[in-house]
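Report on one structure; see the data block that follows.
The values are calculated or read from the model by the stated rules, or taken from the named source; none is laboratory data. Note that the structure is predicted; figures quoted are calculated from it, not measured. In this analysis, Cβ positions are derived from the backbone assuming ideal geometry, glycine residues included, and neighbour counts consider all displayed protein chains. Just so you know, the surface numbers come from the protein's heavy atoms only, side chains and all, with ligands and any DNA or RNA stripped out. Shrake-Rupley method; radii C 1.70, N 1.55, O 1.52, S 1.80 Å.
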Amino acid sequence: MKRMILPAVKENIGCAVDYLKQGALVVLPTETVYGLGADATNGVAVAQIFAVKERPQFNPLIVHVSDVNMAMRYVEVDPLSYKLMDHFWPGPLTFILPLRRKSGIHPLVTTGLTTLAVRSPQGIFSKIIAAFDAPVAAPSANRSGRVSPTNAVAVTEDIGSQVPLILDGGPCSVGIESTIIKVGGDAVLLLRPGGISRAEIEKVAGFPVLRLDQHTAIEAPGMLDSHYAPDAAVRLDVVEIYEGEALLAFGSKRAKKSEKAIAILNLSPFGDIKEAATHLFDYLRRLDRRDISRIAVEPVPPEGLGEAINDRLVRAAAPREKG
């Protein structure tokens, strides 16, 4: 397949829209990670997402819209969700909301659920959606279960040969996927921690955000136990490094015997959680080398974006299904 890699600038918005109208896949940069985009109302186009990613067809997709008004064409937006959208959009916050009747969203997107995951991204992606005037389904632009891409190079190394157009917007500014919530009455459930912290949501909502048991039925993307995983095994909260391991460090204090590590990358030498989030997936990919069988990870504090970082690390370290 012939592939084009173009800079993510306004002059190329029309090109991306043309590809989407033709039912083709387009890789688009967001503030979180790079997304593999397709027309969410086109079943053939959406099926290509699942094929390229080798994604299980029980795992629903996030649909991206340009703003709240577009979201309301496809989902029923309650007052609290509207308040949160108004505050955080465009931005890394995804809502699970009831689908409207005859929404036009293809059933493959929702995998048979009566709800839809919807968010409004920052940057050129939002402008492309507005020009396309239709929602775009866009999971991370990588093979299913693997480490999400935060730059165009990572996309090309993973699935680049299967996608006709990639827009290169440089490194993602947030570097970790969106937070996913579900509003029910006066309660907000956190389905997946991400680029907006629980505390930020609580401040706007006015009451605590409850964490959903991760072993409940899949209601949103990113809820599989094993996900965001490199080929190398991942060992968490290490206090000592073993022979043959690479080290994913955090802060200024090192684990014992760190000099034994085959390679070391530090998420944030000064212990900055936001910096750590921007580096997480890129550094996991860089340590996932043929000569490294296991990546040892130093503890990362769970506060703020640390909750999302630890969520991704736990899923990266989870036992993987065979076959």
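For the stretch 237-244, does any single residue satisfy the condition of being at pLDDT 95 or above, of a type outside the set (Gly, Ala, Ser) and open to solvent by less than 30 Å² (accessible area, probe 1.4 Å)? There is at least one residue in the stretch 237-244 that is at pLDDT 95 or above, of a type outside the set (Gly, Ala, Ser) and open to solvent by less than 30 Å² (accessible area, probe 1.4 Å). I need every pair where a residue in the stretch 92-117 that is over 30 Å from Lys274 (Cα atoms) has its Cβ under 9 Å from the Cβ of a residue that is assigned to a strand (DSSP E or B) and small (Gly, Ala, Ser), sequence separation at least 6 or different chains. Matching pairs, first to second residue: Ile105/Ala137; His106/Ala137; Leu108/Ala137; Val109/Ala117; Val109/Ala137; Thr110/Ala117.
In the stretch 268-297, the residue that is farthest from Pro149 (Cα to Cα) out of those that are aromatic (Phe, Trp, Tyr) and buried (at least 20 other Cβ atoms within 10 Å of the Cβ) is Tyr283. The residues of the stretch 29-59 that are free of Cβ contacts under 8 Å to residues at least 60 places away in the same chain and open to solvent by 20 Å² or more (accessible area, probe 1.4 Å), listed by number, are Val44, Gln48, Ala51, Gln57. Put simply, of Arg286, Arg290, Arg254, Arg294 the only residue that is among the basic types (Lys, Arg) and modelled with pLDDT under 95 is Arg290. Every condition in (1) crowded, with 21+ Cβ neighbours inside 10 Å; (2) of a type in the set (A, V, I, L, M, F, W, C); (3) under 19 Å from Ile181 (Cβ atoms) is met by Leu113 except one, and the failing one is (1).
Within the stretch 270-287, does at least one residue satisfy the condition of being within 16 Å of Val33 (Cβ to Cβ), free of Cβ contacts under 8 Å to residues at least 24 places away in the same chain and not hydrophobic (A, V, I, L, M, F, W, C)? Within the stretch 270-287, one or more residues are within 16 Å of Val33 (Cβ to Cβ), free of Cβ contacts under 8 Å to residues at least 24 places away in the same chain and not hydrophobic (A, V, I, L, M, F, W, C). Residue check: is Val26 modelled with pLDDT of 95 or more, touching a strand residue (DSSP E or B) at 6+ places or on another chain (Cβ under 6 Å), open to solvent by less than 60 Å² (accessible area, probe 1.4 Å) and hydrophobic (A, V, I, L, M, F, W, C)? So Val26 fits the description; yes.
Listed here are the residues, each with its yes/no results for (1) within 30 Å of Ala199 (Cβ to Cβ); (2) at pLDDT 95 or above; (3) over 18 Å from the mean Cα position of the chain (by Cα).
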position	(1), (2), (3)
Ala40	no, yes, no
Val46	no, yes, no
Val52	no, yes, no
Gly91	yes, yes, no
Leu97	yes, yes, yes
Ile124	yes, yes, no
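Number of residues in the stretch 74-91 that are under 23 Å from Leu20 (Cβ atoms) and touching a residue at least 40 places away in the same chain (Cβ under 8 Å) equals 3.
Collect the residues in the stretch 111-158 that are under 22 Å from Val77 (Cβ atoms), of a type in the set (A, V, I, L, M) and assigned to a loop (DSSP other than H, G, I, E, B), keeping them in residue-number order. Of everything in the stretch 111-158, those that are under 22 Å from Val77 (Cβ atoms), of a type in the set (A, V, I, L, M) and assigned to a loop (DSSP other than H, G, I, E, B) turn out to be Leu113, Ala134, Ala138.
Okay, residues lined up against (1) in contact with a helix residue (DSSP H, G or I) (Cβ under 6 Å, 6 or more places away or on another chain); (2) of a type in the set (S, T, N, Q); (3) in contact (Cβ under 8 Å) with a residue 24 or more places away in the chain:
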| residue | (1), (2), (3) |
| --- | --- |
| Ala134 | no, no, yes |
| Ala137 | yes, no, yes |
| Gly145 | no, no, yes |
| Thr150 | yes, yes, yes |
| Thr156 | no, yes, yes |
| Leu165 | yes, no, yes |
| Ser173 | no, yes, yes |
| Ser178 | no, yes, yes |
| Ile181 | no, no, yes |
